[in-house]
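Heads up: the structure comes next, in structure tokens.
The values are calculated or read from the model by the stated rules, or taken from the named source; none is laboratory data. Since this is a predicted model, take the numbers as computed values, not measurements. Neighbour counts run over all protein chains shown; Cβ positions are idealised from the backbone, glycine included. With ligands, DNA and RNA removed, areas are computed over all heavy atoms of the protein, side chains included. Shrake-Rupley method; radii C 1.70, N 1.55, O 1.52, S 1.80 Å.
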Amino acid sequence: MTAARSHDGPGPLRRAGRATGRALRSPFTGTARGIRKATHAHGAGESGLGKLIELHAVNGAGDVMITVALASTVFFSVPTDEARGRVALYLAITMAPFTLLAPVIGPLLDRLPHGRRAAMAGAMLARALLAITMSGAVATGGLELYPAALGVLVSSKAYGVVRSAVVPRLLPPKFSLVKANSRVTLAGLLATGVAAPIGAGLQTIGSAWPLYGACVIFIAGTFLAFTLPHKVDSAKGERRARLIDPHGEEAVPPPTPKPRGLRKDRLRKDGLRRNGEKAAKERPPGLRSVGGSVFHGLQANASHRALSGFLIFFLAFLLREHPMAGQSAAVSLAIVGVSAGVGNACGTAVGAWLRARGPEVIIATVLGLALGTAVLAAVFFSTAAVAALGAVAGFTQALSKLSLDAMIQRDVPEEVRTSAFARSETLLQMAWVVGGGIGIALPLNAVLGMSVAAGILALGAATSVRGLLGAARRGTPHPRVA
């Protein structure tokens with residue numbers, strides 16, 4: 001009788017337990033399958049771009065965990081005057097050395113073309129170890145916190161430079177670079193939006209808990225980096241590119257006196273060919289040598305990035321001292337932060353939809369839009385004006401950066417394109433540092449701050465818009481990005 005029952009299948013309790021387990025797992029497994037389907041769509045899974053999208057999402061989640069821990073320690077835990085001194089100290093100890101290190105990051109990583117996966121994994125592992133190191137000092141805010149924060153900053157920017165260099169290697173067929181970067185950026189933004197409230201919840205348990213969470217996330221990212229395809233480490237056909245050619249000219253062979261006779265003419269041609277090849281090897285082309293679009297696009301993007309750094313620091317202190325009408329300082333900061341995040345996501349989505357048609361015109365247009373909004377915020381300063389400026393700044397920065405990526409893909413030769421991405425990203429990070437420094441040093445006067453924001457954009461417009469529109473009128477010998 002007992003043997004007969006054993007063949008009737010599992011009992012009702014066991015069946016109920018399995019059904020309950022499936023029901024509990026279903027939201028997580030279904031979500032994981034949905035994320036994998038989205039990141040691997042349109043050939044991204046086969047090319048390896050899907051894995052890079054997932055890696056960048058992990059990177060964004062880990063970075064925001066560390067940001068929550070640092071903001072709570074350096075900014076929110078002390079009175080405004082003391083917080084300003086702490087942030088100034090943070091900038092002095094972390095940003096100033098980073099300004100010196102940033103120009104070295106691109107060239108240094110350029111020398112490691114065969115170790116890009118290892119470099120990205122190393123940047124993840126370094127931040128995991130630094131997060132644990134910071135967990136012991138985050139409660140007291142001691143000076144030992146700042147060198148670790150500098151290490152986190154450098155590792156994060158090194159990852160960003162390598163990631164920009166890797167994307168062209170993982171493009172699926174008939175996939176534009178602007179569309180690929182849109183997907184990668186959106187993944188990072190979504191992961192940041194999910195991880196930020198989780199980090200805030202961990203902060204309520206203890207000041208070190210967001211750093212523990214960041215450590216776990218970055219360890220996962222370390223292993224995920226090695227799952228990228230091996231072609232990421234390939235440097236076949238690549239050469240290093242200088243960002244700006246000091247003379248603004250392509251390498252040309254030295255002039256040779258015109259010889260006489262057929263034999264001498266043949267020898268002259270052979271000599272010119274050999275000299276040209278030697279000059280090309282000794283003097284790699286700069287971005288200006290492929291046209292003014294990329295150079296002026298980089299100038300415009302530098303002003304957007306400087307504005308971003310300025311607004312982050314200036315508005316953080318301004319809204320803490322003078323919150324929005326009827327709101328607390330934390331809610332005021334959250335409103336501006338959410339506005340900027342939504343604007344950034346919208347700019348990324350619009351960039352993918354536009355497919356970078358006429359990127360010079362797009363960059364000039366969004367720069368004018370950001371400048372006009374900043375001027376209005378200075379003249380009619382209000383809660384709505386600040387929120388609008390945050391949203392427009394996020395939107396225009398994202399769309400301008402995607403257009404710059406499209407121009408680099410279009411105008412920079414493939415053999416130096418990867419290097420060009422590394423150098424341009426490094427300079428944009430330096431522009432963010434400069435803008436942040438201005439924001440922390442400026443007095444907390446709303447009209448003055450918005451005027452300075454407008455001045456940063458006006459400087460970018462004065463140096464870039466004319467060149468961008470001129471390049472758009474002349475057209476380009478290179479095919480447009482589809």
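Just a few scattered comments:
- Kirkwood-type radius of segment 128-224, with distances r between different C-alpha atoms, in Å: 15.3 Å
- Prolate/oblate/rounded call for segment 341-450, Cα gyration tensor, a/c under 1.5 rounded: oblate
- Accessible carbon and sulfur surface of segment 121-174 relative to its total accessible area, %, 1.4 Å: 68 percent
- Here the gap between Gln327 and Val361, fully extended at 0.36 nm per residue and compared with their Cα-Cα distance, gives a gain of 8.3 nm.
- Here each label is just a point 7 Å from Cα along the line to Cβ, and for Glu144 and His230 those points are 4.4 nm apart.
- Once the gyration tensor of the Cα atoms in segment 387-457 is diagonalised, the equivalent ellipsoid follows with semi-axes of 31, 15, 8 Å, ordered largest first.
- Accessible area in square angstrom per residue, segment 153-235, 1.4 angstrom probe: 40 Å²
- Given R0 = 30 Å, the distance between the Cβ atoms of Asn445 and Cys346 translates into a calculated FRET efficiency of 0.50.
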